[in-house]
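Laboratory data are not the source of any read-out in this text; all were calculated from the coordinates shown. Since the structure is predicted, the reported quantities are computational estimates derived from the model, not experimental observations. Positions of Cβ are generated from backbone atoms using ideal geometry, with glycine treated the same way; all protein chains shown enter the neighbour counts.
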Amino acid sequence: MRHNRDHRKLNRTASHRKAMLRNMVTSLFESERIITTAAKAKETKRFAERMITFARRGDLSARRHVAKTVQDPKVLGKLFAEIGPRYVNRPGGYTRVVRVGTRKGDAADVAILELLKADEKPRGKKKTPRKTYHKVEIPGDPVEAAKKAKASADKKAAAKAAKAAKEAEEAAAAGTGGEEAGAETSGETPEEK
């Protein structure tokens, strides 16, 4: 099993690998595009994205943290002055790895690692799903359906009974004080009639 093995060793010792990735990140920020093997490009991308995130912050502690990796002062200044502010509104994904084929000498996969432009939009989600599932109507439990129907019928009957009782009360009230109620609604007083 390969639990927690998330880095590529690139057939180098730790110190050699660290120095190589520092140099590649510095070259990427200097020229904004490098051509290398696909495995190295993917590892460099991890470092570069982290450095750009620090450059977006722009404070002194972030600058000191990035200065451990990017050791050229000109490139460090460019990173904090131009590249960091370029991606202020972008939540991540500042670089792109494009595979370009194989190298002739050793048949290694070659890729281009480049910084994205400021106005370039991130790739959105696919509009259509891969599979379309048709919803199948499964009939419900007949006992539950009968209970629901009975409950709704009882509610309707109770509502009808309440409405009839209310109408009967209104009719009784209208019968005892019908003359007064009619006079109030017509706008005439009982003496005028």
Listed with the fewest Cβ neighbours within 10 Å leading, ASP59, ASP119 appear as ASP119, ASP59
Determine the sum of side-chain charges near LYS68: Lys and Arg each +1, Asp and Glu each -1, restricted to other residues whose C-beta is under 11 angstrom from that of LYS68. +4
Over 21 Å between C-alpha atoms is what I'm after, so list which of LYS135/LYS155; LYS9/LYS40; LYS9/LYS117 land there. LYS135/LYS155; LYS9/LYS117
Taking 0.36 nm per residue of sequence separation and subtracting the Cα-Cα distance, how much length would be gained by fully extending the chain between VAL136 and LYS68, in nm to one decimal? 18.5 nm
For GLU49 paired with LEU10, estimate the spin-label separation in nm (one decimal), with each label point 7 Å from Cα along the Cα-to-Cβ line. 1.7 nm
Could you pull the Cα extents of segment 14-115 along its three principal axes, largest to smallest, in whole Å? 44, 31, 20
Between SER61 and ALA108, the FRET efficiency computed from the C-beta separation at R0 = 41 Å comes out, to the nearest 0.05, as 0.60
Given the peptides 107-113, 49-55, arrange them by the average over their residues of other C-beta atoms within 10 Å, most packed first. 49-55, 107-113
